[in-house]
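Colleague: Quick one: the structure is below, questions incoming.
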There are 2 protein chains.
Amino acid sequence: MAGLTAPLLGLEKKSLREQALSALRTAITSGELEPGRHLVETELSEMLQISRGTLREALRQLEQEGLLSAGPRGRLSVRHLDEKEIRDIYAVRAALESLAARSLCELPDRQHVTESLHKAIDAMTAATTGTLEERIESDLEFHRTLCRLTGNETLLHSWESLEGSIRMSIMFAGLEKGVSNMSVDRHKDIVGAIDTGDATLARKTILEHMDTAAANLVA
Amino acid sequence: MAGLTAPLLGLEKKSLREQALSALRTAITSGELEPGRHLVETELSEMLQISRGTLREALRQLEQEGLLSAGPRGRLSVRHLDEKEIRDIYAVRAALESLAARSLCELPDRQHVTESLHKAIDAMTAATTGTLEERIESDLEFHRTLCRLTGNETLLHSWESLEGSIRMSIMFAGLEKGVSNMSVDRHKDIVGAIDTGDATLARKTILEHMDTAAANLVA
DNA sequence: CCAGTATCGACTGTAAACAGTCGACTTATG
DNA sequence: CATAAGTCGACTGTTTACAGTCGATACTGG
């Protein structure tokens, strides 16, 4: 049994809370737990086979991410998004990602950045032959990479806190509409703009991308 | 006992979790719970006279707000901010608030907006004769109002999720440095720019305000 | 029949107890 | 003396039980 591989040494055992968080986030953003649905702690804890205390910790986080809304007496339900809310979410998303794009343009050495973004583009290209879900995942991964590459942890965290709302927006609009915003060419334009090092151009490209995306979602 | 006033009818009893959240947020952002301090659940729950379960829910939220960082084995400690992190926080803050400013310029009817902002300015003016804490509160209230007036709930929520980090940045720099960014005149400039309805000017004013603020904090 | 009161079930909020992991320290062994 | 094994305390993660609030329904009295 000698010679354990490095990945095994780095194994991370996920807590029940984290597992519940993931499962619930997926169930909500996929529509399985439908908008407006009242989440009853006792039911959910039985379904997930965890205690109510553990579940509550996960639910609190989802509430903070904007996926759940608290009704009277602390009752949590899956949030419903109307058109205005989707537009609002995309406006904030645009603000964060345009900051990311500008920040990347201002980096002294952009080579590793563009390499990583090209990899993310390749992944998007590969996903065009996959399922709608795969295309959405690769798209969101591209945008997350954009934020991550800035090295601004606060920016990445803010974006990730918005990710659930973004996913719900796509779900509300329907996956086909969502995917219509995920063309590889338009993302190549973003990378191209960043490549030029022109922060104003990069910002403008992102803002336009997000304007179009929001308009498509609410059409 | 007839004739209860409307405010009494609207009384909201805060849960222990919410009370703990407030108390902890204040203790952290004021420096009472100092950066790097390991928060031991059993100690804190005894101090606050609440159960560990209730405390955990509050701590989770503070972690998500960026005020605490999780170390090995789930141990939470008060986050320490270095200069880069402060700059990063202010960059994200600038992105959010400049979106707010641009959004306000695009509103069809800006009269009630400018009235509210002028009120916030008046409160800042009144606070100049008060304590440093009062000045910081009135400043943050001005900026929160900026975001709230847009009617974009996602934007307000994102800003509020950042507020703790903002407060900690000010605390790290020292209150005097923080207050140096809170001159009434500079905030009047922001309102003035929004008054013109020129979204580009308003955005630029905010970005400059935040650039200067960050530079002052890390100087 | 209607209004007031009582009861009960369905929750959420909270506390107390149990369980597991780790590091520091002590003890045993070669 | 150095190393390995054992023990224990200090936590965090989780479960179970208790407590309170509310709405819906049933009951009672005028």
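The values are calculated or read from the model by the stated rules, or taken from the named source; none is laboratory data. Everything numeric here is computed off the predicted structure, so don't read it as measured data. Here the Cβ is made from the backbone with ideal geometry for all residues, glycine too, and neighbour counts use every protein chain on show.
Colleague: Tally time: how many residues in the stretch A:19-60 are over 22 Å from the mean Cα position of the chain (by Cα), of a type in the set (Val, Ile, Thr) and in a helix (DSSP H, G or I)?
Modeller: 2
Colleague: While we're looking at this one, here's another question. Which members of the stretch A:63-91 meet the condition of being within 16 Å of DNA strand D (Cβ to nearest atom), under 30 Å from A:Ala213 (Cβ atoms) and either of a type in the set (D, E, K, R) or in contact with a Gly (Cβ under 7 Å, 6 or more places away or on another chain) (or both)?
Modeller: A:Ser77
Colleague: Considering only residues that are within 10 Å of DNA strand C (Cβ to nearest atom) and touching a helix residue (DSSP H, G or I) at 6+ places or on another chain (Cβ under 7 Å), look in the stretch A:43-53 and name the one that is farthest from the other protein chains (Cβ to nearest Cβ).
Modeller: A:Leu44
Colleague: Just the residues that are out of contact with any strand residue (DSSP E or B) (no Cβ under 9 Å at 6 or more places or on another chain), outside any helix (DSSP H, G or I) and within 13 Å of another protein chain (Cβ to nearest Cβ), please, taken from the stretch A:63-118. Before you say what the answer is, go through the steps one by one.
Modeller: Going through the stretch A:63-118, the residues out of contact with any strand residue (DSSP E or B) (no Cβ under 9 Å at 6 or more places or on another chain) turn out to be A:64-66, A:72-74, A:81-118.
Next, from what is left, pick out any that are outside any helix (DSSP H, G or I): A:65-66, A:81-82, A:106-110.
If the condition is that a residue be out of contact with any strand residue (DSSP E or B) (no Cβ under 9 Å at 6 or more places or on another chain), outside any helix (DSSP H, G or I) and within 13 Å of another protein chain (Cβ to nearest Cβ), then A:Glu65, A:Gly66, A:Leu81, A:Asp82, A:Glu106 are the ones that fit.
Colleague: I need the full set of residues from the stretch B:119-164 which are surrounded by fewer than 18 Cβ atoms within 10 Å (Cβ to Cβ) and within 14 Å of chain A (Cβ to nearest Cβ), in order please.
Modeller: Answer for the stretch B:119-164, where residues must be surrounded by fewer than 18 Cβ atoms within 10 Å (Cβ to Cβ) and within 14 Å of chain A (Cβ to nearest Cβ): B:Arg148, B:Gly151, B:Glu153, B:Glu160.
Colleague: Within the stretch B:7-24, can you find the residues that are within 16 Å of DNA strand C (Cβ to nearest atom) and either modelled with pLDDT under 90 or within 14 Å of chain A (Cβ to nearest Cβ) (or both)? Break it down into steps so the answer makes sense when it comes.
Modeller: Quick first cut of the stretch B:7-24, residues within 16 Å of DNA strand C (Cβ to nearest atom) only: B:11-24.
Listed by number, the residues that qualify are B:Leu11, B:Glu12, B:Lys13, B:Lys14, B:Ser15, B:Leu16, B:Arg17, B:Glu18, B:Ala20, B:Leu21.
Colleague: Where residues in the stretch A:33-42 are near DNA strand C (Cβ under 10 Å from one of its atoms) and touching a residue at least 24 places away in the same chain (Cβ under 8 Å), which of them is farthest from the other protein chains (Cβ to nearest Cβ)?
Modeller: Taking the stretch A:33-42 first, the residues near DNA strand C (Cβ under 10 Å from one of its atoms) are A:38-42.
In the following step, the residues that additionally are touching a residue at least 24 places away in the same chain (Cβ under 8 Å) were identified as A:38-39.
Values: A:His38: 19, A:Leu39: 16 Å.
Top of the filtered list is A:His38.
So that you can scan it fast, the table gives a plain yes or no per residue for (1) at pLDDT below 95; (2) charged (D, E, K, R):
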residue: B:Glu115; (1), (2): yes, yes
residue: B:Thr128; (1), (2): yes, no
residue: B:Trp159; (1), (2): no, no
residue: B:Phe172; (1), (2): yes, no
residue: B:Val184; (1), (2): yes, no
residue: B:Gly197; (1), (2): yes, no
residue: B:Leu207; (1), (2): no, no
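Colleague: Let me ask another. Name the pairs: first residue in the stretch A:58-74 and under 15 Å from A:Leu16 (Cβ atoms), second residue within 14 Å of DNA strand D (Cβ to nearest atom) and among the small types (Gly, Ala, Ser), Cβ to Cβ under 7 Å, at least 6 apart or on different chains?
Modeller: Going by the 7 Å Cβ cut-off, the qualifying pairs are A:Ala58/A:Ala20.
Colleague: Still on this structure, I have one more. Take A:Asp185 and decide whether it is farther than 27 Å from A:Arg25 by Cβ, free of Cβ contacts under 8 Å to residues at least 24 places away in the same chain and out of contact with any helix residue (DSSP H, G or I) (no Cβ under 9 Å at 6 or more places or on another chain). Walk me through how you get there before you give the answer.
Modeller: Working: farther than 27 Å from A:Arg25 by Cβ: yes; free of Cβ contacts under 8 Å to residues at least 24 places away in the same chain: yes; out of contact with any helix residue (DSSP H, G or I) (no Cβ under 9 Å at 6 or more places or on another chain): yes.
Spelling it out, A:Asp185 is indeed farther than 27 Å from A:Arg25 by Cβ, free of Cβ contacts under 8 Å to residues at least 24 places away in the same chain and out of contact with any helix residue (DSSP H, G or I) (no Cβ under 9 Å at 6 or more places or on another chain).
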